[in-house]
Amino acid sequence: MIHPPLETLPETLPTRIPDVSLCVLTPADATDIRDLLQADTAHLTRHGDFTAQVRASVEEIEEALAHSAGKERAYGIRLRESLVGQVGIIAAAPPHYGLGYWLARAATGKGRAGAACAALIGSAFTLLGATDMFAGVTHGNDPSAAVLRRLGFAPVEEFPTYTRFHMPLTSPGSGECFPKAFGR
């Protein structure tokens, strides 16, 4: 079966939080991403995750964004017009997809990461026919695990440095996406 490409997803996505939206990241966003990563290094690397991203140069970020087509679609999480994080979908083995996200410390604790993930998951279900979503959380990153649990993910496998979470996107026999993914 042929699955729609990630580019089927829209360039921008609203979330259930009026001031929070998603916008596809392009190489032109590399400096803003780098600045945000550098400003929040301690927060983003405290569990060992995002170390490579924090160390990346603007050129490396540009290169990654320029060559992610087909396998990953990265969105900037925007609070009004300000970039406060990133959420992305990875075409692991469609209709099974991976989800990754990070949020600046100052933007945490307000439901923004969950709203961003829910918007992307909902679009993946509707437009890509996604049936399963997976995400990994570094051991000790309890706030990130809590975001996934609130969305309806459950831990399915432990690895030396992280836990894999899974969320089936269809209710048995219903063909409807789990309401939790949309925050209903």
Out of Ala52, Ala92, report the one residue that is small (Gly, Ala, Ser), surrounded by fewer than 19 Cβ atoms within 10 Å (Cβ to Cβ), at pLDDT below 95 and under 22 Å from His166 (Cβ atoms). Ala92
Of all helices (runs of 4 or more DSSP H) fully inside segment 1-55, the set with 3 or more residues that are of a type in the set (A, V, I, L, M, F, W, C) is 30-39
I need every pair where a residue in segment 121-149 that is farther than 13 Å from Leu6 by Cα has its Cβ under 8 Å from the Cβ of a residue that is polar (S, T, N, Q) and part of a helix (DSSP H, G or I), sequence separation at least 6 or different chains. Val137/Ser144; Thr138/Ser144
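Among the residues of segment 56-82, write down those that are in contact with a strand residue (DSSP E or B) (Cβ under 9 Å, 6 or more places away or on another chain) and either farther than 24 Å from Thr8 by Cβ or in a loop (DSSP other than H, G, I, E, B) (or both). I'd like the intermediate steps shown before the answer.
Step one: list which residues in segment 56-82 are in contact with a strand residue (DSSP E or B) (Cβ under 9 Å, 6 or more places away or on another chain), which gives 64-65, 68, 70-80.
Of everything in segment 56-82, those that are in contact with a strand residue (DSSP E or B) (Cβ under 9 Å, 6 or more places away or on another chain) and either farther than 24 Å from Thr8 by Cβ or in a loop (DSSP other than H, G, I, E, B) (or both) turn out to be Ser68, Gly70, Lys71, Leu79, Arg80.
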Mind listing just one residue for me: the one in segment 106-164 that is in a loop (DSSP other than H, G, I, E, B) and hydroxyl-bearing (Ser, Thr, Tyr) and, of those, modelled with the highest pLDDT? Thr131
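The values are calculated or read from the model by the stated rules, or taken from the named source; none is laboratory data. Computed from a predicted structure; not experimentally measured. Virtual Cβ from ideal backbone geometry, glycine too; neighbours counted across all protein chains shown.
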